[in-house]
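The values are calculated or read from the model by the stated rules, or taken from the named source; none is laboratory data. Model, not experiment: these values are computed from the prediction. When we count neighbours, we look across all protein chains shown, and the Cβ atoms used for this are built from the backbone with ideal geometry, even at glycine. Note: accessible area is taken over every heavy atom of the protein model, side chains too, but ligands, DNA and RNA are not part of it. Shrake-Rupley method; radii C 1.70, N 1.55, O 1.52, S 1.80 Å.
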Amino acid sequence: INHLNVLLDLFSAGMAEQRKDTSEAERILRNSHYGMEKIKERILDYLATKRRNPKGKGPILCFIGPPGVGKTSFGRAIAEALDLPFIRLSLGGIKDEADVRGHRMTYIGAIPGKVIQEIRRKGVKNPVFLLDEMDKIGNDFKGDPSSALLEVLDPEQNHSFQDHYVGCPFDLSHTIFICTANTMNIQPALLDRMAVLHIPGYTEYEKIQIAKTYLIPKQMG
């Protein structure tokens, strides 16, 4: 990776145009998930707030529930509803702060952190960025990645995020961050920045309805 190319790609990234029609967002959520009306209502409230005040500093949505209940697909649905690029980054097993904040240029084989890498790959400053498995973050002698994530997620700090490889502040405040986790085992400082939405497992009846309404038509089509 060439340092100059990274800087040029990052600071030439533009803003993707965001869809402002909340009725379209409601249709997308209805077609992508069965039931969960309270969750959908909360997401629509969130999207309406974003539409009215794109620069607002509200809490970050965090979907918490067992595997397979649709946490990641809710993130994709939000990106589709806003008509913005979607990024998913799994945090499972991350223990090194450099995975989030990048390596300093003096480090052999230095690269940017994963957040900056993904922003650069999409080429826009305002994607929907899903941070998956927030409860699986670890830490060791290489540093605590949760402290770096706090700078990513905190609206009071992320307008001047410092990636060690980039070497200068980068504005992440336009990025729409969403988080998922299986449990509430999340660092308290990070949890304070989140609006937690609990997604329970499905009943047998709901599983049958999901198969009839979504899975079978998708396979047939």
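Can you tell me which residue among Lys20, Lys40 is outside any helix (DSSP H, G or I), within 20 Å of the chain's Cα centre (by Cα) and without any contact (Cβ under 8 Å) to a residue 40 or more places away in the chain?
Lys20
Among the listed residues Ile111, Ile94, identify the single one that is open to solvent by less than 80 Å² (accessible area, probe 1.4 Å) and out of contact with any His (no Cβ under 7 Å at 6 or more places or on another chain).
Ile94
Quick check on my filter: what residues within the range 50-65 are open to solvent by 20 Å² or more (accessible area, probe 1.4 Å), of a type outside the set (Gly, Ala, Ser) and not in a helix (DSSP H, G or I)?
Of everything in the range 50-65, those that are open to solvent by 20 Å² or more (accessible area, probe 1.4 Å), of a type outside the set (Gly, Ala, Ser) and not in a helix (DSSP H, G or I) turn out to be Asn53, Pro54, Lys55, Lys57, Pro59.
Answer yes or no as to whether Gly68 is surrounded by fewer than 19 Cβ atoms within 10 Å (Cβ to Cβ) and farther than 15 Å from Thr180 by Cβ.
no
Which residue out of Glu118, Glu133, Glu156 is at pLDDT 90 or above, out of contact with any helix residue (DSSP H, G or I) (no Cβ under 7 Å at 6 or more places or on another chain) and more than 19 Å from Leu10 (Cβ to Cβ)?
Glu133
Could you please give the count of residues in the range 70-97 that are touching a residue at least 60 places away in the same chain (Cβ under 8 Å), closer than 21 Å to Ser146 by Cα and part of a loop (DSSP other than H, G, I, E, B)?
So the answer is 0.
Quick grid of which residues meet (1) basic (Lys, Arg); (2) closer than 28 Å to Asn53 by Cβ; (3) surrounded by fewer than 18 Cβ atoms within 10 Å (Cβ to Cβ):
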residue: Ile116; (1), (2), (3): no, yes, no
residue: Pro145; (1), (2), (3): no, no, no
residue: Ala148; (1), (2), (3): no, yes, no
residue: Pro155; (1), (2), (3): no, yes, yes
residue: Ser160; (1), (2), (3): no, yes, yes
residue: Ala189; (1), (2), (3): no, yes, yes
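Tell me, which residue of the range 2-49 that is farther than 17 Å from Glu80 by Cα and exposed (fewer than 12 other Cβ atoms within 10 Å of the Cβ) is modelled with the lowest pLDDT?
Filtering the range 2-49 for residues that are farther than 17 Å from Glu80 by Cα and exposed (fewer than 12 other Cβ atoms within 10 Å of the Cβ), the one modelled with the lowest pLDDT comes out as Glu37.
Take the conditions without any contact (Cβ under 8 Å) to a residue 60 or more places away in the chain, open to solvent by less than 10 Å² (accessible area, probe 1.4 Å), β-branched (Val, Ile, Thr) and assigned to a strand (DSSP E or B) and apply them to Ile178. Does it pass?
no
Give the number of residues within the range 71-89 that are open to solvent by 30 Å² or more (accessible area, probe 1.4 Å) and small (Gly, Ala, Ser).
Residues in the range 71-89 being open to solvent by 30 Å² or more (accessible area, probe 1.4 Å) and small (Gly, Ala, Ser): 1 in total.
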